[in-house]
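One structure below.
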Amino acid sequence: MSKAPIGIFDSGIGGLTVASSVSKVFPKESILYFGDTAHLPYGEKSIDSIQKYAIEITEFLLEKGCKMIVIACNSASAAAYELLSEKYGNRVPVVDVISPLVELISSKSYAKVGVMATKATVRSDVYSKKLMELKPGIEVVNLAAGLLVTMIEEGFFNNDISNAVLHKYLTYPDFEDIEALLLACTHYPLLRPEIESFYKGRVAVYDSVDSVTEKIGRLLKLKNLRNESDEEPTKRFFVSDYTESFEQTTRIFYKNKVNLEVASL
Ligand code: DGL
């Protein structure tokens, strides 16, 4: 089992921010990535639909022999983490992207934090609930940034258009006195340089990538699932619908090793 790939999924390219970190920190691990491009954006979908997609993708990844399931999407983590853990947790470890970031933030001394996320994640109020559970009294302000995922999937980041859109969101009046901003969507790390240059150090910016990677490392060790073999690890990328921009962005992370495979669920 330890040689088996880690299964990672998202609605599109966002989860690649997690996958590429996992490949960097654990270079011996094989990765099987699924981008559900046919159903993107998840942020606009109902809980029922997201749960249905999450189950189908998990079944697909398990059929391919994955040893761990990483829900590299906040919207899917908010809608389906408990469900997937209940259904598959006795077969493989299931990891979400929300709890590790919440644990990290609750260990800090922030009194007020902003959460920028998709509509589905904001609707679930999951960050407020989980943060207040671990740190009663913390003030959490949510902002649904509906435009960002499609903009990023189209390859619009680090340009004047993404800058203008971000400016509109980040000047949200309730964000005025936040001490930290949580990028609560796995697509947003692609905008992180622009967000940091907007704040110029006034606000601490967090995404889930490092804390999730750490959690994956802890679980691999705890469950004896680390790949110790010297064989070249495999990287496979599946999408439910081919898009050119997905292929291009995947190459930003994985250079020329990318060969997209289409798998309809
Ligand atoms: N990367 C997903 C997330 O973290 C984006 C969801 C979407 O497709 O809207 O929420």
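All of the numbers you see were taken from the coordinates with simple rules; none came from a lab. None of these values were measured; they are calculated from a predicted model. Methodologically, a virtual Cβ is constructed for each residue, glycine included, from the backbone with ideal geometry; neighbour enumeration extends over all protein chains shown.
So what does the Cα-only Debye profile of segment 116-252 read at q = 0.09, 0.16, 0.18, 0.19 Å⁻¹, as log10 I(q)/I(0), no solvent term? Debye curve over Cα of segment 116-252, log10 I(q)/I(0) at q = 0.09, 0.16, 0.18, 0.19 Å⁻¹: -0.37, -1.01, -1.16, -1.23.
Rounded to whole Å and sorted largest first, what semi-axes of the equivalent ellipsoid does the C-alpha gyration tensor of segment 226-265 yield via the square root of 5 times each eigenvalue?
23, 14, 7
Straight-line cross-link reach from LYS255 at under 16 Å between alpha-carbon atoms covers these aspartates and glutamates, not counting any fewer than eight positions away in the same chain: GLU244, GLU247. Of the GluC sites (Glu not before Pro) found in segment 186-265, those that fall in a DSSP loop while having at most 13 other beta-carbon atoms within 10 Å are GLU228, GLU231.
Per-residue extension of 0.36 nm, minus the Cα-Cα distance of GLU214 and GLU56, leaves a gain of 54.2 nm for this segment.
Bridgeable aspartates and glutamates around LYS28 (alpha carbons under 20 Å apart, same-chain partners fewer than 8 residues away excluded): ASP210, GLU214, GLU228, ASP230, GLU231, GLU232. Legend: residue pairs LYS64/LYS130; LYS52/LYS215; LYS24/LYS168, Cα-Cα distance threshold 30 Å; pairs beyond threshold, LYS64/LYS130; LYS24/LYS168. Counting every alpha-carbon pair across the chain, the share separated by more than 25 Å comes to 41%.
Hand me the chymotrypsin sites (Phe, Trp or Tyr not before Pro) from segment 174-265 located in a DSSP loop with no more than 16 other Cβ atoms within 10 Å, in residue order please. Working shown, then result.
Numbers: sites: PHE175, PHE198, TYR199, TYR206, PHE237, PHE238, TYR242, PHE246, PHE253, TYR254; in loops: TYR242.
Answer by residue number: TYR242.
Volume per residue of the convex hull around the Cα atoms, evaluated for segment 1-152, comes out as 115 Å³. Contact order for the chain, expressed relative to its length and based on alpha carbon pairs under 8 Å spaced 6+ residues apart, stands at 28 percent. Among the GluC sites (Glu not before Pro) within segment 82-139, not one is in coil by DSSP while having at most 15 neighbouring Cβ atoms inside 10 Å. Taking Lys and Arg as +1 and Asp and Glu as -1, the other residues whose beta-carbon sits under 14 Å from that of PRO41 total -3.
Binning the alpha carbon pair distances of segment 49-123 at 5 angstrom intervals from zero yields the distribution 3, 15, 25, 22, 15, 10, 7, 3, 1, expressed in whole percent. Backbone amide hydrogens, once placed in the peptide plane, bring LYS235 within less than 5 Å of ILE31, excluding anything fewer than 5 places away on its chain.
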